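Below you'll find the structure, written out as C-alpha cells, and then a few comments.
The values are calculated or read from the model by the stated rules, or taken from the named source; none is laboratory data. On a predicted model such as this, the values are computed, not experimentally measured, just so you know. Note: ideal-geometry Cβ built from the backbone for every residue, glycine included; neighbour counts use all protein chains shown. With ligands, DNA and RNA removed, areas are computed over all heavy atoms of the protein, side chains included. Shrake-Rupley method; radii C 1.70, N 1.55, O 1.52, S 1.80 Å.
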Amino acid sequence: MKKGLGIGLLMILLAGGVWYFVQKQEDDIVQQVEEDYMQDGIIRAYDRSNAQRLSESLGQYMQYVLLLDDEVRFKEQVKILKDHFLVERGSEVYIKWELGEKTATNAWIDDIRISETLLQAGKQFNEPSYLKLASRIETTLLKRQQIDGNIVDFYDWDLQQATDVLHLNYLEPPALKRLQLLDFAKEKVAQAKREGPFTAELYYANQDESKWADDKVVNMIDQVLIERLRVGVTGKADETFQAFISKELKNGKVYARYDRLSAKPTMKDESSSVYAMLVPLLTGEERSFVLNRLQEIETTNAKETHVFDVLNKAVILKEFE
C-alpha cells in the first residue's frame with residue numbers, strides 16, 4: 001500500500017514538474033521583446049534610453065500575443081494602453097501615437113490595428129470590455145478623421161483639426177470592410193498616380209489629388225502595403241507590380257528602397273518587414289523563398305533593429321508556420 005502511494009506521489013510530482021517546465025518556456029519573441037525592448041511594461045522602438053514609445057509597437061505586440069493565445073499578456077498590454085496611451089475627451093477616445101506630454105494626435109493605422117485586435121480578442125477571450133473599447137475607438141475615428149467622406153491620417157486634439165492627407169499604405173482591408181469603406185479605398189487606389197510598378201502613396205482630400213511621398217525614391221514597405229490594399233479591395237493583383245517582384249526574387253533579393261523612375265535599388269539593404277509583408281501576396285516557390293529569406297535576416301540586435309521589424313517578422317512567421 002505504501003509502495004502504491006509512493007508511485008502515485010511520484011507521478012503527481014513529475015506531472016507538476018512538467019507543467020512548471022512548460023509554463024517557464026517563454027516564446028522567443030516574447031522573451032526578446034520583454035528583455036530588450038520593454039521598460040516598465042512599455043515597448044520602446046529600440047533598446048536605447050531615448051527611444052520612442054509608440055502605439056504602433058503596442059498594437060503589434062498585442063497582435064502577436066493574441067496569436068499565441070496569451071490572455072494574461074494581452075490583458076497586461078490593454079492596461080498599458082489604458083494607463084498610458086488612451087486619452088478620454090468626453091464620450092470620445094483616442095490613442096496617442098507616441099508617448100509624451102505634448103502629444104495630442106493619433107494615427108489612423110495604429111488606432112485601427114489596436115481596435116481590430118481588441119475585437120478579435122474580445123471574441124477569443126470572451127471579454128466584452130474589449131469589444132466596447134474597440135467600438136469607442138472606431139466611432140471617434142469615423143467622426144473626427146473624415147473630410148467629405150475621405151479618411152485622413154490623424155486628428156490634432158489641441159488644434160481641433162484633422163489633417164487633409166492620407167497614406168494609402170495606412171489602410172487595412174479587413175477594417176475597411178467592417179467600416180464600409182471598401183469603395184472609398186478602391187477609388188483612391190484606382191486614381192493614384194503610377195510610375196512603372198509603383199503607386200503614389202499620398203492622397204490629399206482638400207485637393208482631391210494623389211502625390212508621391214518622395215520626389216525620387218519609393219519605400220518598399222509602403223509599396224507592398226499598397227499592393228495588399230489593392231488586392232484586398234479589388235480581389236486582383238497588379239500585373240506590373242507582380243512582375244517586378246518576381247523579377248527581383250529571381251535575382252535573389254527585394255531591396256528596401258528603389259529609384260521611382262528606373263526601378264533600380266538605391267541601396268543594398270534588405271528589410272525583414274518588406275519580406276514579411278510580401279508573404280500573403282505570394283504563393284508556391286516565391287512564398288517559400290521569401291519565408292526562408294525572412295528567417296535568415298538577423299533581427300536580434302535591439303540597439304540597431306526597430307521593434308517594428310522584429311514584430312512584423314514574428315507575426316508573419318507565426319501565421320504561416
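Which of the residues that make up segment 93-147 are at pLDDT below 95 and either β-branched (V, I, T) or within 19 Å of L67 (Cα to Cα) (or both)? I147 - this is the single residue of segment 93-147 that is at pLDDT below 95 and either β-branched (V, I, T) or within 19 Å of L67 (Cα to Cα) (or both). Contact annotation: residue pairs with Cβ atoms under 6 Å, 6 or more positions apart or on different chains, pairing a residue in segment 54-66 that is within 17 Å of L317 (Cα to Cα) and open to solvent by less than 10 Å² (accessible area, probe 1.4 Å) with a partner that is outside any helix (DSSP H, G or I) and of a type in the set (A, V, I, L, M, F, W, C), are Y61/I43.
Output yes when any residue across segment 244-259 is out of contact with any helix residue (DSSP H, G or I) (no Cβ under 8 Å at 6 or more places or on another chain), surrounded by fewer than 16 Cβ atoms within 10 Å (Cβ to Cβ), outside any loop (DSSP other than H, G, I, E, B) and hydrophobic (A, V, I, L, M, F, W, C), and no when none is. Scanning segment 244-259, I find no residue that is out of contact with any helix residue (DSSP H, G or I) (no Cβ under 8 Å at 6 or more places or on another chain), surrounded by fewer than 16 Cβ atoms within 10 Å (Cβ to Cβ), outside any loop (DSSP other than H, G, I, E, B) and hydrophobic (A, V, I, L, M, F, W, C), so the answer is no.
Here is a check on your reading of the model: is T300 of a type in the set (V, I, T), over 21 Å from Y37 (Cβ atoms), modelled with pLDDT of 95 or more and open to solvent by 70 Å² or more (accessible area, probe 1.4 Å)? No, not satisfied.
Scanning segment 257-268 for residues that are in contact with a strand residue (DSSP E or B) (Cβ under 7 Å, 6 or more places away or on another chain) and modelled with pLDDT of 95 or more yields R257, Y258, D259, R260, L261, K264, P265, T266.
Selection of segment 303-314 for residues being open to solvent by 20 Å² or more (accessible area, probe 1.4 Å) and either under 15 Å from M220 (Cα atoms) or part of a helix (DSSP H, G or I) (or both) yields F308, D309, N312, K313.
Assuming L159 fulfils every condition listed in (1) open to solvent by 30 Å² or more (accessible area, probe 1.4 Å); (2) modelled with pLDDT of 95 or more; (3) within 21 Å of the chain's Cα centre (by Cα) apart from one, which condition is it? Exception for L159: condition (3). Condition (residue is over 21 Å from K102 (Cα atoms), of a type in the set (A, V, I, L, M, F, W, C), at pLDDT below 95 and assigned to a helix (DSSP H, G or I)) applied to segment 57-76: is it met by at least one residue? Within segment 57-76, not a single residue is over 21 Å from K102 (Cα atoms), of a type in the set (A, V, I, L, M, F, W, C), at pLDDT below 95 and assigned to a helix (DSSP H, G or I). When you check A45 against the structure, is it touching a helix residue (DSSP H, G or I) at 6+ places or on another chain (Cβ under 8 Å), small (G, A, S) and not in a helix (DSSP H, G or I), yes or no? The answer is yes for A45.
Does at least one position in segment 279-291 carry a residue that is in a helix (DSSP H, G or I) and under 16 Å from D36 (Cα atoms)? Scanning segment 279-291, I find no residue that is in a helix (DSSP H, G or I) and under 16 Å from D36 (Cα atoms), so the answer is no.
Checking S129, S115 one by one, the residue that is more than 23 Å from L202 (Cβ to Cβ) and open to solvent by less than 30 Å² (accessible area, probe 1.4 Å) is S115 and no other.
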